[in-house]
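Notes to accompany the following structure.
The values are calculated or read from the model by the stated rules, or taken from the named source; none is laboratory data. Small disclaimer: the values here were computed from a predicted structure and weren't measured. Backbone-built Cβ (ideal geometry, glycine too); neighbour counts: all protein chains shown.
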Amino acid sequence: MKFVDEATIEVVAGKGGNGVASFRREKFIPFGGPDGGDGGRGGSVYAVADRNINTLIDYRYARLHRAQNGEQGSGSDRYGAGGSDITLRMPVGTMVYDAETNELLFDLATHGQKVVLAAGGNGGLGNLHFKSSTNRAPRQFTHGRPGEQRKLRLELKVLADVGLLGMPNAGKSTLIRKLSNARPKVADYPFTTLHPNLGVVRTDAERSFVIADIPGLIEGASEGAGLGHQFLRHLSRTRLLLHLVDVAPMDPTVDPVHEARAIVEELRRYDPALYEKPRWLVLNKVDMVDDPQGLKEAFCLEFGWDGPVFCISALAGDGTQELAWAVQNWLDEQREAEQAFDEDPRFVETQASAAKPAPVRRRPPRRAPADGGDAGPQTPEDAPDDDGGDAGGEGGDGGGDGD
């Protein structure tokens with residue numbers, strides 16, 4: 001199936017049915033009164049995230065999606081039927097934008113998430129709703145409201161824990177084939193990968209993570225050169241980036257350090273937030289060099305890298321399993337840290353105290369003077385609490401004085 005990560009569609013919700021002006025006409029009942037029913041509600045257009053779909057190919061050709069209109073009301077208090085809704089199933093990770101304003105409307109990030117793309121119009125009212133004591137024979141009715149109509153731009157961002165980043169022919173597809181059951185195309189020429197590939201790396205019976213492979217980047221990708229800039233958005237949801245560098249290029253004039261710097265610069269130009277993501281350096285094809293450890297130290301020194309670095313051979317499998325375990329452990333630590341932050345009792349107490357209303361302080365009631373004189377008018381603040389004790393006693397005294 002062809003991978004499509006962008007599409008533009010138009011959704012049109014159904015129009016509500018019109019109300020009707022009708023009167024009862026039965027034998028021996030000359031003045032039956034109004035009995036016009038309401039119109040039916042127009043159908044709405046929904047979108048639901050489905051993890052069983054991984055591309056927007058269905059919306060590349062089917063661009064118009066129109067819901068059914070509501071039926072008109074009729075006499076004898078009969079309401080019109082509502083229009084049928086339609087539900088568009090989209091892959092998890094789809095972002096829905098308004099094509100005219102470029103505003104982000106929805107982000108379908110979880111399986112089963114359902115949103116309303118276009119709401120159907122309400123049905124009109126029949127003359128049954130307009131009867132009154134002064135208007136015994138109303139002829140008023142209202143028309144149904146039109147449904148919403150939108151032009152939407154769909155953009156897919158794949159959900160992956162780890163993203164592979166690097167020049168063409170750096171060995172990204174070979175690495176994902178070695179670590180997972182994904183089988184992307186591998187060849188000895190650049191730009192073999194034309195669309196993102198996802199693979200599930202299982203490190204244990206109950207531990208796994210998802211890795212994404214995007215087309216290789218070249219210098220000037222942030223300005224539109226090559227193919228990779230079209231798919232850099234798929235790395236925005238990842239937690240970790242693996243920067244693969246070919247340390248044994250086929251062309252001896254190619255400098256791996258210069259290519260690594262070019263990739264980092266293109267990443268910074270494309271999206272500063274993506275540039276700030278955690279990134280590990282992976283030196284590939286070390287089986288083709290004489291001194292891998294010396295090459296690693298010289299590369300990191302010239303590149304100015306002080307972060308995590310791994311030496312692997314994606315083709316032979318050397319170091320790939322250690323890399324997978326290190327990534328899995330790092331991801332588990334990140335998830336545990338996030339869970340501990342959410343369950344920290346200090347933040348729970350802070351939120352509870354902020355939500356708890358402040359106690360209300362009541363001023364004690366003003367008591368009558370000892371000589372029996374007038375205590376003066378009481379303000380609402382001076383009024384006694386309504387607990388029944390003091391009020392009852394004062395009321396009893398008042399009754400005695402009246403007698």
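Only one entry in PHE130, PHE141, PHE106 is more than 30 Å from THR55 (Cβ to Cβ), surrounded by 13 or more Cβ atoms within 10 Å (Cβ to Cβ) and in contact with a Leu (Cβ under 9 Å, 6 or more places away or on another chain), namely PHE141. Across the stretch 80-90, a minimum of one residue is classified as crowded, with 24+ Cβ neighbours inside 10 Å and either outside the structural domain of HIS143 (by TED's automatic domain parsing) or assigned to a loop (DSSP other than H, G, I, E, B) (or both).
Scanning the stretch 248-296 for residues that are loosely packed, with under 12 Cβ neighbours inside 10 Å and under 14 Å from CYS311 (Cα atoms) yields ASP290, ASP291, GLN293, GLY294. From the list LEU274, LEU283, exactly one residue is at pLDDT 85 or above and among the hydrophobic types (A, V, I, L, M, F, W, C). Which is it? Checking each option against the conditions leaves just LEU283.
For the criterion of being surrounded by fewer than 18 Cβ atoms within 10 Å (Cβ to Cβ), in contact (Cβ under 8 Å) with a residue 24 or more places away in the chain and not basic (Lys, Arg), GLU148 fails.
If you check ASP271, ASP251, ASP246, ASP290 for being closer than 18 Å to THR320 by Cα, charged (D, E, K, R) and not assigned by TED's automatic domain parsing to the domain that holds ALA109, only one passes: ASP246.
Taken over the stretch 91-103, the residue count meeting the criterion of being at pLDDT below 90 and surrounded by 14 or more Cβ atoms within 10 Å (Cβ to Cβ) is 6. Considered as a group, the residues in the stretch 160-181 that are in a loop (DSSP other than H, G, I, E, B) and buried (at least 18 other Cβ atoms within 10 Å of the Cβ) include one that is nearest to the chain's Cα centre (by Cα), and that residue is ALA160.
For the stretch 232-253, filtered to residues that are among the aliphatic types (A, V, I, L, M) and not in a strand (DSSP E or B), the residue that is farthest from MET167 (Cα to Cα) is LEU235.
What's the total number of residues in the stretch 13-52 that are within 26 Å of ALA109 (Cβ to Cβ), of a type outside the set (Gly, Ala, Ser) and either more than 22 Å from the chain's Cα centre (by Cα) or outside any strand (DSSP E or B) (or both)? Residues in the stretch 13-52 being within 26 Å of ALA109 (Cβ to Cβ), of a type outside the set (Gly, Ala, Ser) and either more than 22 Å from the chain's Cα centre (by Cα) or outside any strand (DSSP E or B) (or both): 2 in total. So, of the residues in the stretch 9-53 that are among the polar types (S, T, N, Q) and surrounded by 15 or more Cβ atoms within 10 Å (Cβ to Cβ), which turns out to be modelled with the lowest pLDDT? That would be SER22.
Results for (1) more than 14 Å from VAL11 (Cβ to Cβ); (2) out of contact with any helix residue (DSSP H, G or I) (no Cβ under 6 Å at 6 or more places or on another chain), shown as yes or no for each residue.
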| position | (1), (2) |
| --- | --- |
| LYS27 | yes, yes |
| PRO34 | yes, no |
| GLN68 | no, yes |
| GLY73 | yes, yes |
| MET90 | no, yes |
| ASP107 | yes, yes |
| VAL115 | no, yes |
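Please verify whether the stretch 297-307 includes one or more residues that are over 21 Å from ALA160 (Cα atoms), free of Cβ contacts under 8 Å to residues at least 40 places away in the same chain and of a type in the set (Phe, Trp, Tyr). The answer is yes; a qualifying residue exists.
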